Structures are given as structure tokens and as C-alpha cells.
Amino acid sequence: MKVILLFSLLCLFFCCTPKEQAGNIERLDPALDSIIDVKASIDTLAEGFTWSEGPLWIERSKMLLFSDVPANTVYKWTEAKGKEVFLDSSGYTGSVARGGETGSNGLLLDKEGRLVLCQHGNRQVAIMEASLDAPKAVYKSIANNYQSKKFNSPNDAVFRSNGDLFFTDPPYGLEKNMDDPLKELPFQGVYKVNASGEVVLLTDSITRPNGIAFTPGEKTLIVANSDSTRPVWYAFDFGTGDSLVNGRVFYDASAASKLEKGLPDGLKIDSKGNVFATGPGGVWIFNKNGKLLGKIKISQLVSNCALSPDEKTLYLTADMMVLRIKMR
């Protein structure tokens, strides 16, 4: 009888005790309260991944898609079923076995609602030629080279409202990174692909270009530099013919990177110009003027984030976990 009673008490304890939050919110400016409620919680949606990346919320299906880059897999998460495999061979479809981060990274939708993937292993940005309801590892390349030289490993991307695609190309998907013998380009670029399919190099001066996003109005481009020797977010304005002009440091995270894990990585910008940028210690939140309002502090390395259409929910990929913050 005592054993049964003890078992019942233990079950009651573990069932009713709330899970420990995956992090906390550091408020550096009162303005953050209008973005993230003081009672907002950080919830763990799924875990057990190798390195989660590229979160994308699909509103019509009420599902979150995200990459597990080393596993070469896209997963989905829904409230009803939790995590499930969505797409195998998401970034590498070659027949030759290879190491490194072969899978997809950044995920986004084009104007037709088709899934677009930054594919490390295939070294291209591609469209999945299947519906979201019946995904298949069949891809059509949007861009796979610059001046007949293969990309390193497209990492993150964003569409402009006119359909032009902008993306970054660091070396992280190459098996030996910067020293890989298959690396064909002598630099790490930020590119644009216009409607005709032309690939335009916008800059080759960023050592490890990673996260990329437009500010509202699409007049300024922000690019994260995931380089431990220069961990900053850059801002560029657009000049004639979409040339990048007025290049400047949006924010320098050098000091913080010496104290906390992580580097500038994926980022998203809301309709008011607030910037949610993953970096040392978690997610950094800036207003449209670049003022740091606060941080979402996470114990694991945070790679990227995604906003729901109403901008009330933020999803995070953090190493082996996927998190959610209901902000308002």
C-alpha cells in the first residue's frame, strides 16, 4: 500500500510540476515590454536534434519547419503531433558519402508558397518540386554557381517583395570549411538572384556572412557576420542597380562574444523595424534605430529565429532544441 501511495505521489509531482524554462528574458530598456510581455514564457517544443536551424512557420498548415543540418533532414512540429520528419535528404542528394554539415539550413517560401531551401551539401539554393502536403526530395536549382564556380554552401536567404532572392554563402557546409579542396570561390559572398535568374555578387568583403534580412521598406539590408574575430551585424543601403552602399556596423558583439557562447547568426525583422538577432548568449532585440532593448537568454547556442505572421510568437532553433516564446 505504501509503495502504491509513493508511486502515486511521484506521478502527481512529475505530471504537475512545470518544466523548467529554457531561458530567461533580460530587459535592458522599458521599450521591450511593448514587444515581449513581462509574463512571457520560453517553452521547449521539441528536442533531440544534432544542430537545428532555419525555422519557418507555415501559417496555413499551422506547422513549424526547421532543418537538422548534420542529419540532412527537415522536421516539422505541430501542436497536435509534436515533431515529425518532414523531408529526408533536405540538403544533399549525392550518392557519394561525405561528412560535414550536408543538410538544408535556411528555409523560406516563394511567392507561390513553394519551399525554398539553402542546401549545404548540394551547394545551391533550390525549390522543392513537391507540395508542402506531400514533400519529396526533388529539387530545382535557383542558383548554384557564380561565374561558373560552385558556391561554398548557401546558408540563409530572404526574398524581396518583387521576388528577388538575396542569400549568404559562408563555408560551413564544406567538409573542411575554409580548407576544403572542393572550395572554388576565394571569398564568402552575399548574392542577389533576380527574376531572370542572373546571380549578382553584392559583396565579398564579409568574412562569414550568415543571417540576412531587410528592414521595413526594403531600403536597408542587415547581414550577420559569424566570425569570432569580427562578430558584428552589418547594415547596407541600396544604391544604383542594387549596389550596396553606406556599409556600416549595425552592432558590434565583440565584447559579449568573449563572455558568452555564440556569434551573430540568423535574424528576423518585424514590421516595426525591431530586429531579433541570434548572437552571443541568445537572441538580441534591437529597435529600428539599432538600440539594444534586451536579450532572450538561452543556455544553448541559438542559430536562428522565425516570427509568426501576427508577430506575437517567436520560434527559436537552439542547438538540439526548438523553442517558442509567446511574446504578447
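Of note:
- Filtering the range 76-115 to residues that are free of Cβ contacts under 8 Å to residues at least 60 places away in the same chain, in a strand (DSSP E or B) and either surrounded by 23 or more Cβ atoms within 10 Å (Cβ to Cβ) or more than 17 Å from the chain's Cα centre (by Cα) (or both) leaves T78, G82, E84, V85, F86, L87, D88, S104, L107, L115.
- Candidate set: the range 10-34, residues that are modelled with pLDDT of 95 or more and outside any strand (DSSP E or B); chosen: the one surrounded by the fewest Cβ atoms within 10 Å (Cβ to Cβ): P30
- Any hit, the range 242-252, residues being farther than 14 Å from T220 by Cα, of a type outside the set (V, I, T) and under 18 Å from the mean Cα position of the chain (by Cα): no
- Any chance I296 is within 25 Å of L109 (Cα to Cα) and among the aliphatic types (A, V, I, L, M): no
- I296 farther than 23 Å from F159 by Cα, within 16 Å of the chain's Cα centre (by Cα) and part of a strand (DSSP E or B): yes
- Residue identified as more than 28 Å from I127 (Cβ to Cβ) and of a type in the set (V, I, T) among T207, T203: T207
- Considering residues of the range 150-189 that are among the polar types (S, T, N, Q) and within 17 Å of Y92 (Cβ to Cβ) only, the residue surrounded by the most Cβ atoms within 10 Å (Cβ to Cβ): N155
- D68 vs. criteria closer than 28 Å to E175 by Cβ, surrounded by 13 or more Cβ atoms within 10 Å (Cβ to Cβ) and either in contact with a helix residue (DSSP H, G or I) (Cβ under 6 Å, 6 or more places away or on another chain) or acidic (D, E) (or both): yes
- Qualifying residue in the range 251-259 (condition: in contact (Cβ under 8 Å) with a residue 40 or more places away in the chain and among the hydrophobic types (A, V, I, L, M, F, W, C)): no
- Every residue from the range 122-134 that is out of contact with any Asp or Glu (no Cβ under 8 Å at 6 or more places or on another chain) and either part of a loop (DSSP other than H, G, I, E, B) or hydrophobic (A, V, I, L, M, F, W, C) (or both): N122, R123, V125, A126, M128, E129, A130, S131, L132, D133, A134
- Among the residues making up the range 35-49, those that are exposed (fewer than 15 other Cβ atoms within 10 Å of the Cβ) and under 20 Å from the mean Cα position of the chain (by Cα) are D43, G48.
- Residues being in contact with a Gly (Cβ under 6 Å, 6 or more places away or on another chain) and within 17 Å of G189 (Cα to Cα) - total across the range 235-268: 5
- Residues that are in a loop (DSSP other than H, G, I, E, B), over 22 Å from the mean Cα position of the chain (by Cα) and crowded, with 17+ Cβ neighbours inside 10 Å do not occur anywhere in the range 136-149.
- Test: residue in the range 266-273 that is out of contact with any helix residue (DSSP H, G or I) (no Cβ under 9 Å at 6 or more places or on another chain), farther than 20 Å from I298 by Cα and not charged (D, E, K, R): yes
- Residues within the range 307-328 that are more than 20 Å from R60 (Cβ to Cβ) and of a type in the set (D, E), tallied: 1
- Any hit, the range 51-72, residues being more than 18 Å from M320 (Cα to Cα), among the hydroxyl-bearing types (S, T, Y) and not in a loop (DSSP other than H, G, I, E, B): no
- Odd one out for N246, checked against (1) part of a strand (DSSP E or B); (2) surrounded by 13 or more Cβ atoms within 10 Å (Cβ to Cβ); (3) not basic (K, R): (2)
The values are calculated or read from the model by the stated rules, or taken from the named source; none is laboratory data. It should be emphasised that the depicted structure is a prediction, and the values quoted were computed from it without experimental measurement. Using ideal geometry, Cβ is built from the backbone for each residue, glycine included, and neighbour counts are taken over all protein chains shown.
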